[in-house]
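Below is one structure, written out as structure tokens, with a few remarks after it.
The numbers here are math on the coordinates, done by the rules we state, and not lab data. Since we're looking at a predicted model, the values are computed, not measured. Positions of Cβ are backbone-derived with ideal geometry, glycine not excepted, and every protein chain shown enters the neighbour counts.
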Amino acid sequence: MKPGRFITLEGGEGVGKSTQAKALAAALRACGLDVVETREPGGSDGAEAIRRLLLEGAADRWNARAEALLFAAARADHVARTIRPAIEAGRWVVCDRFLDSSIAYQGGADGLGDEAIRTLHAIGSAGYLPDRTLLLDMPVFDAAFRQAEAGIANSDRFEKRGEAFHDRVAESFRRIAEQEPARIRTINAQGAPQEVTARLIAALADLLP
């Protein structure tokens, strides 16, 4: 049996992660791969229940520490019930967000620090990491404009946070990518959707059968 692979898409609000996750999964299926599409927070029954707690309500519903704990709990269930079983069965998993989002949002933008988030991940998910992370990158202003054009701005608690917060998120993602070049590939998210998808596939070329 060919080995499964765990691929994550990361980035700030409005960079096109959800659209590209679907497009990437379709492209991988066209290569003959068995692909599971999933997301965070969510991806399992328990994690989906926690997702509602995290995304609904006012921007200040939870403080950063509570958010970090909730994300870690959701991720632990997601890894145990969805991701690991799929990988062990030889399937590819394409996930919209994973650990790096917690490091960028709660660890970086909210100031908890990388090590606090990694410690929670070590406890909840035994430190499990993707085979490849694709970081979709574009200027925060352009991402916000894209959201406004699509009519989806401020649709959840995190999108309601101010511009300074999202600037810190983007900066944190770039720092994480610089620290882990073997795992993370930064992808230009500007341009036509099909062009971005082609860049994602190219960044996975060494993993494809």
**Q.** Where labels lie 7 Å past Cα in the beta-carbon direction, separation of R61 and E195 in nm
**A.** 3.7
Q) So how far apart, in nm, are the two label points at D167 and L129 if each is 7 Å from Cα heading toward Cβ? A) 3.0
Q | When the range 1-56 is reduced to its Cα atoms, the Kirkwood hydrodynamic radius in Å | A | 13.0
Q. Where a Cα-Cα gap under 28 Å defines reach, which lysines qualify for K160, not counting those fewer than 8 residues away within the same chain?
A. K17, K22
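Could you grab the relative contact order for the chain? Cα pairs under 8 Å, six or more apart, rounded to a whole percent.
Working: 329 pairs, mean separation 64.8, N = 209.
Once normalised by length, the contact order is 31 percent.
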Q.
How are the alpha carbon pair distances in the range 5-202 distributed across 5 Å bins from zero to the largest one, expressed in percent?
A. 1, 8, 16, 21, 23, 18, 10, 3, 0
Q: For the range 27-32, just list the computed ³J(HN,Hα) in residue order, Karplus coefficients 6.51, -1.76 and 1.60, θ = phi - 60°, integers in Hz, with x standing in for Gly and Pro.
A: 5, 5, 5, 5, 8, x
Q.
What whole-number distance in Å separates the alpha-carbon centres of the range 38-66 and the range 72-134?
A. 14
Q: List the residues whose amide H sits under 5 Å from the amide H of I184, counting only those 5 or more places along or on another chain, with H placed 1.01 Å from N in the peptide plane.
A: T133
